[in-house]
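Working notes, structure below.
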Amino acid sequence: MKTFRNFVAGEWVAPASGEYFDNVNPADRNDTIGRFPLSNSEDLERAVVSAQRGFELWKRTPAPERGDVLRHVGDIMTRRKEELADLMTREMGKPLTETRGDVQEGIDTAYYAASEGRRLFGKTVPSEMRNKWAMSYRRPIGVAGIITPFNFPMAIPTWKMFPALVCGNSCIFKPAEDVPHTATALVEIFLEAGLPPEVIQLLHGAGEVVGKAIVEHPSIPLISFTGSTETGSQVGATCGRMHKRLSLEMGGKNAQIVLDDADLDLAIEGVLWGAFGTTGQRCTATSRLILQSRIHDQFLGMLLDRARAMKLGDGRKKGTDVGPLINEAALRKVENYIDIGQAEGADLLCGGRRGQGRDLEAGYFYEPTIFARVEAGSRLEQEEIFGPVLSVVRVQTAAEAFAVNNGVKYGLSSSVYTRDVQVAFQALQDLDNGITYINAPTIGAEAHLPFGGVKQTGNGHREGGWEVYEFYSETKVGYVDFSGTLQRAQIDNYQGSAD
Ligand code: NAD
């Protein structure tokens, strides 16, 4: 079996502990991909010292030149797309059509970042004084700690590291334990593209050990974390205490609303993709379906037929619609919520059991599951499950649907199917989410727009698009007074009228 390494101080190295963990294919427990390092604070210490050297070099590299490295990264990812998708499906489980999309998101982010190296705009504004200039500009911050989840093994690390690097920071990358192979491939690509080796450090291992150590390290001033709200709270508490710059992207409990006037065929396609794509393991997954009463029964009938027909299987095999869950713990969590739903009196209409059949025995498969008659406010309706479980809530009016959508602690994504333009704009205005889709599912963010959520989904920052560059750079202001005299600011010579 292949033994993989960390990338620290410009070399592929074994962990200080000498210990490793197995990376297993979730579609087949008997298929072990390799052994990956269990890193600790000793590995981190070396990585930080090296990343600081990398930062000193990289911050002096002109931003357009930094962008060129990212363009080259995009070219290599394009060339290796098929191979990357295959290795990602093997360790993460989602079908190849989805892992290709995951790689493509990285490619799009690379080309966006490359061109941003020629912008990174500051502003020049008029001064209050004569013969004085005033301007703002961006500076890199330092060593960025990058902590990522398992569900988008390529896209999420690229969302974070590409802008971090274009802004001139160096990165210490700690990927999720379930997807270390994709992370290793990404670091190989950085190196092939010409990134100076000390600008990137890769540490594999347990979140509670090396992830926590990164968050607590005093020489890492910048943390970008995507993962569960529970872990994010711990990360946030530490960063608050240590005055670190922090971006949090966390859980969701997203709803698709289907109103009486909707195109039902279109809405069916949306909910199947939103709820069961990526086996429900997307932060933007459709976990609640809010149906207006007149179309409720008809829509549910149409949906059940389609959900029952979805094919569970190995994501690397043709014809698979739904891959496995990521691991045993995820499977148990889903099973626990099936018990909770039944105890709360919801109607289990389909699924509710592990994947059946010999092909599925060795993997973490769970059937697409639909609960109807789910009460707003119940645990099934409120809590993130992160699996192929859809809860259907019946409402009388659009206003009630909006209130149910807003009645959870999360606020990532929402979707409304309607033909009424007034209701559509009302939804864009009133739904408490970072993203609202009209006549499209809750999933499907594009790389060049800001991405993130409100309430307990995030902490106010956005990934993607133009906004993320603000997070990875510090604004500095410069004044140049060429008047040759002392000019006092804050308009203390203001001549305005007091009466
Ligand atoms: P997780 O919170 O278990 O782990 C995320 C990362 O944090 C992993 O790399 C893990 O090793 C690390 N980690 C764990 N404990 C840590 C600690 N104490 N200190 C520092 N790091 C630690 O999440 P997951 O199961 O990998 O991912 C699923 C979650 O991520 C879901 O809640 C999902 O909604 C969320 N998610 C959110 C977004 C978004 O953009 N809002 C995107 C994808 C996933």
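Some observations on this one:
- Here is the tail figure for region 211-261: Cα pairs spaced more than 12 Å apart come to 64 percent of all pairs.
- Here the alpha carbons of region 45-109 define both size measures, Rg and Dmax, at 15.7, 42 Å.
- On Cα atoms only, tilt of 155-166 relative to the major axis of the chain in degrees: 10 degrees
- Highest to lowest packing among 408-417, 180-189, scored as the average C-beta count within 10 Å: 408-417, 180-189
- The orientation-averaged projection of the convex hull spanning the C-alpha atoms of region 27-69 amounts to 5.7 square nanometres.
- From its DSSP helices (H runs of at least four residues, each -39,500 (n - 2.57)), the chain gives a residue-normalised ellipticity at 222 nm of -11500 deg cm²/dmol.
- Principal axis dimensions, largest first and in whole angstrom, of region 396-462 by Cα: 33, 25, 16
- Plainly put, region 66-152 has a radius of gyration that is 1.22 times its Kirkwood radius, both from alpha-carbon atoms, as the Rg/Rh ratio.
- Take the convex hull of the alpha carbons in region 166-294; its mean projected area over all directions comes to 11.1 nm².
- Computed over every Cα-Cα pair of region 1-125 and binned at 5 Å starting from 0, the pair-distance distribution P(r) comes out as 2, 10, 12, 12, 16, 18, 16, 8, 3, 2, 1, 0, 0 percent.
- On the principal axes of its alpha carbon atoms, region 219-344 extends 57, 36, 32 Å, with the longest extent given first.
- Qualifying aspartates and glutamates (Cα of each under 20 Å from Cα of Lys409; at least 8 residues distant if same chain): Glu230, Glu249, Glu344, Glu375, Glu381, Glu383, Glu384, Glu400, Asp430, Asp432
- Ranked by the mean number of other Cβ atoms within 10 Å of their residues, highest first, the peptides 137-146, 330-339, 349-358 come out as 137-146, 330-339, 349-358.
- Compactness of region 436-479 - radius of gyration and Dmax, Cα, Å: 13.8, 49
- log10 of Debye I(q)/I(0), alpha-carbon scatterers only, for region 340-380 at 0.21 Å⁻¹: -0.67
- Reciprocal mean inverse distance between Cα atoms of region 144-190 - Kirkwood radius, Å: 10.6 Å
- For Glu249, the residues whose modelled amide H falls within less than 5 Å of its own, excluding neighbours fewer than 5 places apart on the same chain, are Phe225, Thr226, Gly227.
- Over 22 Å apart at the Cα level, from the set Lys94/Lys311; Lys212/Lys253; Lys160/Lys212; Lys132/Lys476; Lys212/Lys455, are Lys212/Lys253; Lys212/Lys455.
- Computed E for Asp22/Asp261 - FRET, C-beta separation, R0 56 angstrom, nearest 0.05: 0.60
- Pairwise Cα separations in region 345-499 fall into 10 Å bins from 0 onward with the following percentages, short to long: 8, 24, 24, 17, 12, 7, 5, 3, 1.
- In region 336-423, the alpha-carbon atoms span a convex hull of 130 Å³ per residue.
- Going by neighbour counts of Cβ atoms within 10 Å, the residues Trp159, Trp466 line up, fewest first, as Trp466, Trp159.
- Helix 81-92 vs. the chain, principal-axis angle (Cα, 0 to 90°, nearest 10): 60 degrees
- Of all aspartates and glutamates in the structure, those lying under 13 Å Cα to Cα from Lys2, and not within fewer than 8 positions of it along the same chain, are Asp22, Asp31.
- Interatomic Cα distance distribution for region 114-238, bins of 5 angstrom, percent: 2, 10, 19, 20, 17, 10, 8, 5, 4, 3, 2, 0, 0
- The chain, relative contact order [Cα under 8 Å, separation at least 6], %: 18 percent
- Centroid-to-centroid separation of region 1-50 and region 97-146 [C-alpha atoms, Å]: 32 Å
- For region 312-378, the spread of Cα positions along the three principal axes, ordered from largest to smallest, is 39, 23, 18 Å.
- Amide hydrogen neighbours beyond the local backbone of Lys455, cut-off 5 Å, H modeled: none
- Estimated FRET transfer efficiency (Lys409, Gln234; beta-carbon r; R0 22 Å; 0.05): 0.85
- Put simply, the convex hull of the Cα atoms in the chain casts, on average, a shadow of 28.0 nm².
- Order by protection proxy (mean Cβ within 10 Å, highest first), peptides 377-386, 89-98: 89-98, 377-386
- On Cα atoms only, tilt of 41-58 relative to the major axis of the chain in degrees: 50 degrees
- Additional length obtainable on full extension of the chain from Gln426 to Trp133, 0.36 nm per residue less Cα span: 101.1 nm
- Region 73-112, relative contact order in percent, only Cα pairs under 8 angstrom and at least six apart counted: 54 percent
- Neighbour counts of other Cβ atoms within 10 Å put Phe121, Phe152 in the fewest-to-most order Phe121, Phe152.
- Among beta bridges that DSSP assigns inside the chain, antiparallel share in %, nearest 5: 45 percent
A short reminder: the numbers here are calculations on the coordinates, not readings from a lab. Computed from a prediction, not measured in an experiment: that's the story for all the values here. All Cβ positions, even for glycine, are placed from backbone atoms using ideal geometry, and neighbour counts span all protein chains on display.
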